[in-house]
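Chemist: Structure below; questions to follow.
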Amino acid sequence: MCGGLMQAQVTDLPFKLDRHCIRIIKDLPVQECVQCGKTLIGDSVMAEIEPLFDKEAHPSELEVMRYAA
């Protein structure tokens, strides 16, 4: 991290699960550095989205999902 100020944002992020499977999570709450743009996902948010990374439950190559807190 560059040491810049982190600011709460809502964004869309891609997650590459393997060579053939990408999930995009829309409206994800993150902390974003105002200087370099690096994003951090909080532990509680990560715990909520981890089940979305089950490849067997969602066998498509590209899937777009909306984060629902």
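The values are calculated or read from the model by the stated rules, or taken from the named source; none is laboratory data. As the structure is a computational prediction, the values presented were derived from the model and not from experiment. Note: ideal-geometry Cβ built from the backbone for every residue, glycine included; neighbour counts use all protein chains shown. The accessibility values were calculated without ligands, DNA or RNA, using every heavy atom of the protein model including side chains. Shrake-Rupley method; radii C 1.70, N 1.55, O 1.52, S 1.80 Å.
Chemist: How many of the residues in segment 6-37 are open to solvent by 50 Å² or more (accessible area, probe 1.4 Å), out of contact with any Pro (no Cβ under 8 Å at 6 or more places or on another chain) and either in a strand (DSSP E or B) or modelled with pLDDT of 95 or more (or both)?
Modeler: So the answer is 10.
Chemist: When the residues of segment 46-68 are filtered to those that are in contact (Cβ under 8 Å) with a residue 24 or more places away in the chain and closer than 29 Å to GLY3 by Cβ, which remaining residue is most open to solvent (accessible area, probe 1.4 Å)?
Modeler: For segment 46-68, the residue satisfying everything is TYR67.
Chemist: Given GLU63, GLU56, which one is of a type outside the set (Lys, Arg), at pLDDT below 90 and at negative phi?
Modeler: Unique residue meeting the criteria: GLU56.
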